[in-house]
Amino acid sequence: MSAGSRSVGLEGLRYRGGATMWSWMLHRISGVGLIVFVAMHVVSAFLLQNLGSDVGKIYNSVFESWAFQSFIYFCVIFHALNGARIIVLDTWPKLLPYQREATWLQWLIFIPVYGLTLLILIQRGLGG
Amino acid sequence: MLRSQTIPRRGWSLEFVMWVFTRISGAGMLIVGALGMAGALWMGARTQMDLATLMRWTFFPNPNHIVNSNIPDVNLGWVGVYWQILQTLIIFLGVTHGFNGLRVVIEDYIHSVLINRVLRVIILLLWIAVMVIAFYIIFTS
């Protein structure tokens, strides 16, 4: 059977790809989250700015809540850092043996940057 | 169900062109974002903006996008052709990168040729619609 017609299905969840597999999954999830957010945000901005509609205000109250912002900041920061790692490793394939170290470096940058963002968001969200 | 895909032929194909575009636009968005953030900080965002507003300016440097913050006068440097070019760039790169990514993800899980063609047309129409609306917002604000 050729690889092209092989269906992996739920068995795929048992595949142990390690940190880079989780990066690949998170890259997909955050990417879909971002394009849905950007498309809806463009529509809400159009409703608000060019039509003066109240529907745009409802959208914006969701976008401005701290829970939604902590999700979207995760998507933005993770997708940007992981994308930068992919670009660097694809452009210089000689670095591919250091894939594991690159992933560690990526999390080493991600955790303080996202942690600080989350701290500010939660402080503002709880402080009102 | 996730399934691996076969590339029909070597050389120039939609998959190849979009693979290259995804990487170039990704790097481009990092640069445009850095320019937006540096520009905002240079114009005094450090004392006039909270984190969310700085991010709004970084990812979409439009004067109407930051109108809720304490900026005294948006006409002083916050509007202009330079910022309109950056907004146009980030919308083109981001929306194209995003809808192509959505197409790649969908085609990994849906294997019917007919459904894939229908979804491709829908994604193409959504891509054009979001871009046209965003350009309209940029040039009327």
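The values are calculated or read from the model by the stated rules, or taken from the named source; none is laboratory data. This is a predicted model, so every value here is computed, not measured. Cβ: placed from backbone, ideal geometry, glycine included. Neighbour counts: every protein chain shown. Note: areas computed on protein heavy atoms with side chains; ligands, DNA, RNA excluded. Shrake-Rupley method; radii C 1.70, N 1.55, O 1.52, S 1.80 Å.
Tabulated results
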quantity: Search result, residues across segment A:75-93 that are among the small types (Gly, Ala, Ser) and open to solvent by 20 Å² or more (accessible area, probe 1.4 Å); calculated: A:Ala80, A:Ala84
quantity: B:Arg3 vs. criteria more than 16 Å from A:Val76 (Cα to Cα) and more than 11 Å from chain A (Cβ to nearest Cβ); calculated: no
quantity: Number of the exception - B:Phe16 against (1) within 11 Å of chain A (Cβ to nearest Cβ); (2) at pLDDT 85 or above; calculated: (1)
quantity: In segment B:104-118, the residues that are without any contact (Cβ under 8 Å) to a residue 40 or more places away in the chain and in contact with a Leu (Cβ under 9 Å, 6 or more places away or on another chain); calculated: B:Ile106, B:Ile110
quantity: Whichever residue in segment A:32-85 is aliphatic (A, V, I, L, M) and touching a residue at least 24 places away in the same chain (Cβ under 8 Å) and, among such residues, is farthest from A:Arg100 (Cα to Cα); calculated: A:Ala67
quantity: Subset of segment B:117-141 that is closer than 24 Å to B:Trp78 by Cβ and of a type in the set (Phe, Trp, Tyr) - its residue that is nearest to the chain's Cα centre (by Cα); calculated: B:Phe135
quantity: Condition check for A:Ile72: among the β-branched types (Val, Ile, Thr) and either open to solvent by 40 Å² or more (accessible area, probe 1.4 Å) or touching a Pro at 6+ places or on another chain (Cβ under 6 Å) (or both); calculated: no
quantity: Checking B:Arg10 against (1) open to solvent by 20 Å² or more (accessible area, probe 1.4 Å); (2) away from chain A (no Cβ under 13 Å); (3) over 30 Å from B:Tyr109 (Cβ atoms); (4) not in a helix (DSSP H, G or I), the condition it does not meet; calculated: (3)
